[in-house]
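As structure tokens, the structure follows; a few thoughts come after it.
The values are calculated or read from the model by the stated rules, or taken from the named source; none is laboratory data. This is a predicted model, so every value here is computed, not measured. Reconstructed Cβ throughout: ideal geometry from the backbone, glycine too, with neighbour counts over all protein chains shown.
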């Protein structure tokens, strides 16, 4: 990955600009490969049809039932400078990981422990300099930060999908979504996709259908509302990127 990125350096001035990346590959055998760089995440929500039938049967028999029919699994790893593995690589390369001056001053003024925690975002700097101040430890581009240990090398995960038993909803989104919405809120939106009737793909059962598109839109609308509410209560004046894709697999 680093070699591919380096080959394009001459086309763009990306010393102080870059991007995160999450890529998903699903094979005909329902093997799911996920590769990510940075903090754009991928969440897999499963809907267990067998457990659903068990719940239905127990309810018909008048029994209480607490069998969970939904499961959630993170398929990506956030690459933050404060992570021990990432910190070690950056320090070895001569970089520096600390808060910005603005963050340090704002944190000192704040009396809220929760606010301090949210504001205490560590960043990557050149030794003794006030740049580039990158908040992630792996990225595409950001070549200045790459001289002090930031890398474009992805983390890769492999997951086996059991489509004979489960249906799946996969949510891929930039960090602005995960910073404002929790997993329960997302599950409440995408669970309606599992009941949507549709034609299967000719090769494998992957759908980017009306229900998935609606779920993606609803997630973005709810995230935008939450960001606007946060802006009213804080000093923040911007909504972070909430680009979202929902994929239904069944």
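Evaluated against (1) closer than 30 Å to residue 189 by Cβ; (2) surrounded by fewer than 16 Cβ atoms within 10 Å (Cβ to Cβ); (3) modelled with pLDDT under 95, residue 105 falls short on exactly one condition, (1). Screening residue 15 with (1) outside the structural domain of residue 143 (by TED's automatic domain parsing); (2) closer than 30 Å to residue 135 by Cβ; (3) surrounded by fewer than 17 Cβ atoms within 10 Å (Cβ to Cβ) gives one miss only, at (1).
Quick check on residue 74: is it surrounded by fewer than 16 Cβ atoms within 10 Å (Cβ to Cβ) and either in the same structural domain as residue 136 (by TED's automatic domain parsing) or touching a residue at least 12 places away in the same chain (Cβ under 8 Å) (or both)? Here the answer is yes, as residue 74 does meet what is asked. For the residues 171, 249, 231, 239, the requirement of being at pLDDT below 95, over 27 Å from residue 87 (Cβ atoms) and touching a strand residue (DSSP E or B) at 6+ places or on another chain (Cβ under 8 Å) singles out 249. When every residue of segment 81-97 is checked against the conditions, none turns out to be modelled with pLDDT under 85, closer than 28 Å to residue 12 by Cβ and part of a loop (DSSP other than H, G, I, E, B). Select from segment 28-47 the residues that are part of a loop (DSSP other than H, G, I, E, B) and touching a residue at least 12 places away in the same chain (Cβ under 8 Å) and list them in ascending order. Correct list: 28, 30, 38, 39, 40.
Pairing residues of segment 217-234 that are farther than 16 Å from residue 182 by Cα with residues that are at pLDDT 90 or above and in a helix (DSSP H, G or I), at Cβ distances under 7 Å and at least 6 apart in sequence or on separate chains, gives no pairs at all. For the residues 55, 69, the requirement of being within 25 Å of residue 172 (Cβ to Cβ), assigned by TED's automatic domain parsing to the domain that holds residue 244 and either surrounded by fewer than 19 Cβ atoms within 10 Å (Cβ to Cβ) or in contact with a strand residue (DSSP E or B) (Cβ under 7 Å, 6 or more places away or on another chain) (or both) singles out 69.
Within segment 81-101, residues that are closer than 16 Å to residue 152 by Cβ reach partners that are in a helix (DSSP H, G or I) with beta carbons closer than 8 Å, at six or more positions or on different chains, in the pairs 81/87; 81/90; 95/145.
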